[in-house]
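Rule-based calculations on the coordinates, nothing more; no lab input. These numbers were taken from a predicted model, which means no experiment stands behind them. Here the Cβ positions follow ideal geometry from the backbone for every residue, glycine too, while neighbour counts run over all protein chains shown.
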Amino acid sequence: MEKTNKKPLIITIISIAITLIVGISISLYVKDQNYKKSYDYKLGKLGYSKEEITKIKSLKEEQIDIILNHEYSDIIIDLIERKYFLKKNLDKYLDYIKDNNKDLDDAIAIINVGANKEWYQDPVDTDISKENEMLSNKFHKLTNEYNPDDLTDISNVYSYGENQKLRRIAYDAFISMFNAAKKENITLIINSSYRSYEEQEEIYNKYAKWYGDEADKIAAKPGFSEHQTGLSVDIQSYNTNRDTFEESEAFKWLDNNAYKYGFILRYPKDKEYLTGYAYESWHYRYVGLDIAKYIKENNITFDEYYAYFIEE
Ligand SMILES: [Zn+2]
């Protein structure tokens, strides 16, 4: 009897033991698998320290994913949180920062607008479907056939010289701006507006003859002038010229008010490294009310705005 009683007991103990071992192993395995799926494990494996991991885990999920899909970098966390960070440019930022001692925001702006390249290097066609939001700069080219289909003759009430033209939307905005300035006894006069590809070619060739390589700082190559969009104006006032315009009341007024009519100062001071143009206090571009307001408030160039908000 004793023998037959003992046997089931041993079997019971063994089965309990097996169940326990299997159970514990499964739970350990699951725990391990879950840990391997965790940010701590994945980030640690990439080489991030505990401190960095804590910081990374406070980021948005999509930002963490970018970090997880990239090799270790000690500046990536800082970079990813910058206002104009673009995921598609991450490797370019990292390469550029490695080779150039630049502030991160500057590096991001330079890469976003493509200004790490030589001016005019690998230009793409301007996307003219963007209409008054189109970008014309040293990396975005208009063809020699492009001319806006709603060019409107500018009355000589608003301009010097003959044959001045603007796109309808920019002309209407200029008239509103002109009238507002007039109420404060300021006269805004257009002295350059739409220029065709051929006209720009003539101007550029003339400057190139006079100034050689320096010509590129003051005149655009044909196809690259913003004046070809029909959305740009060079503004003067009485008794001003390009050198003195910045000191005029008209300039001060524009500086405070142009954005309210959809115009921006297109080539601001100290932004030559992004626009490719020396400061031009007289050159204004119509971009529409919302964009002009954003650019004014955030102190960025249209090139940066376009790269971040408009370009696909
Ligand atoms: Zn101009």
**Complete:** FRET efficiency (Glu51, Lys117; Cβ distance; R0 30 Å; to 0.05) is 0.25
**Message:** Can you give me the long-range amide H partners of Lys141? Hydrogens built in the peptide plane at 1.01 Å from N, cutoff under 5 Å, separation of 5 or more residues or another chain.
**Reply:** Val124, Asp125, Thr126
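Using a 10 Å cut-off around each Cβ, can you sort Ser248, Ser25 from fewest to most neighbouring Cβ atoms?
By the 10 Å Cβ count, ascending: Ser25, Ser248.
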**Message:** Could you tell me the relative contact order of the range 34-155? Use alpha-carbon pairs under 8 Å, at least six residues apart, and round to a whole percent.
**Reply:** 13
**Message:** Can you tell me the convex hull volume per residue for the range 124-310, based on C-alpha atoms, in Å³ to the nearest whole number?
**Reply:** 116
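Just rank Val113, Val124, Val233, fewest to most, by other beta-carbon atoms within 10 angstrom.
Working: Val113 27, Val124 11, Val233 31.
In increasing order of surrounding Cβ atoms, one gets Val124, Val113, Val233.
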**Request:** Please work out whether the chain counts as rounded, prolate or oblate from its C-alpha gyration tensor, where a ≥ b ≥ c are the square roots of the eigenvalues and a/c under 1.5 means rounded, while otherwise a/b larger than b/c means prolate and anything else oblate?
**Result:** prolate
**Complete:** Scoring only Lys, Arg, Asp and Glu (+1, +1, -1, -1) among other residues with Cβ under 12 Å from the Cβ of Ala115 yields 0
**Request:** Please list, in chain and number order, the residues 5+ apart from Asn147 or on another chain whose amide H is under 5 Å from its amide H, with Hs placed from the backbone.
**Result:** none
**Simple spin-label estimate for Asp105 and Tyr238 in nanometres, 7 Å along Cα-Cβ** = 4.1
**Message:** Suppose R0 equals 30 Å. What FRET efficiency, 1/(1 + (r/R0)^6) with r the Cβ-Cβ distance, do Tyr29 and Arg82 give to the nearest 0.05?
**Reply:** 0.15
**Complete:** For Thr152, other-chain or 5+-apart residues with amide H closer than 5 Å (H placed, Pro excluded) are Leu166, Arg167, Arg168
**the chain - percent relative contact order, Cα under 8 Å, separation 6 or more** = 14
**Net charge of Cβ neighbours under 14 Å - reference Asn185; Lys, Arg +1; Asp, Glu -1** = +1
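Restrict the search to the range 180-242; then list the GluC sites (Glu not before Pro) that DSSP places in a loop and that have at most 11 other Cβ atoms within 10 Å of their Cβ.
Glu184
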**Request:** For the range 89-226, go through all pairs of different Cα atoms, get the mean of 1/r, take its inverse, and jot down that Kirkwood value in Å.
**Result:** 17.7
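Ranking Ser129, Ser192, Ser155, Ser281 by Cβ neighbours within 10 Å, fewest first, what do you get?
So the ranking, lowest neighbour count to highest, is Ser129, Ser155, Ser192, Ser281.
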